[in-house]
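Each reported figure results from applying straightforward, stated rules to the coordinates on display, with no laboratory input. Remember, predicted model here, so these are calculated numbers, not experimental data. In this analysis, Cβ positions are derived from the backbone assuming ideal geometry, glycine residues included, and neighbour counts consider all displayed protein chains.
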Amino acid sequence: MTQTQPRRRRRPATRPTSPGKPAETLAETVQAEPAPVPASQRRRRAKIGVLAQKLKAPARPGFVRRFPTATPERVAELEELGYTTVTDASIPSSGLGSGTVQRPAGTGTDGAYYRHILMETPDELYAQGQAELEAHNSKVDEAIRAGRAPENQAGTLSKGVAYGEGSIGRE
C-alpha cells in the first residue's frame, strides 16, 4: 500500500525587494485597473466564433449585387451577362486606388493573391438569366425521369430501373 503524503500549503508568490524592505506579495503589487474607455471611443472588435459576412455590400434598389472572384475571365463573363463593376466611394473597399469595390479572397497554390470585386446587374436581366437557368434544369430533370441522358451528356440510365435507383451506363 502506498501512503499519501499531506498536501503542502503554497506560499504566496513574492517579489524580491531591496535589502531592508520586507518582501511584497504579488497581490499587493497589482495596480488598479485602468478606467473603462467610453463606447464611442472604442475600436470595433472583430467577431470571433460568430459567422460574419465578409462579402457584404448595401443593397441598391432595382439591382442584384454579387462578389465574384476578380479574374479577368470571370469579370468578362459577367459583363457579357449584363453585370457592371460598382464604383461607390461610400462602400468600404480594400482596392488599391482602382475605384472599384474589392475584398481580399486569399491566396492560390501559386502564392498569388485573389480578390473579389463587387458587380451588379438590373433586376430584369437577373430574372431573365434565372428563367433560362430554370428552363435548362427542367430539361435535365425531365430527361432523368424519362431514363435518358440529358442533352449534351453521354450515358443513359439502366433499363427497368426507377428514378433514384438507377446507375449510369453506356450503350
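Placing dummy labels 7 Å off each Cα toward the beta-carbon, the span from K56 to Q41 is 2.8 nm.
Label separation (Y113 vs N137): 3.6 nm, computed from points 7 Å beyond Cα along the C-beta direction.
Over the stretch 62-133, the alpha carbon radius of gyration divided by the compact-protein estimate 2.2 N^0.38 Å works out to 1.19. Annotation for the stretch 56-92: trypsin sites (Lys or Arg not before Pro) lying in DSSP loop with at most 14 further Cβ atoms inside 10 Å of their Cβ are K56.
Multiplying the residue separation of A76 and Q128 by 0.36 nm and removing their Cα-Cα distance gives an extension gain of 16.8 nm. With K and R counted +1 and D and E -1, the other residues having a Cβ less than 10 Å from that of P58 yield a net charge of +2.
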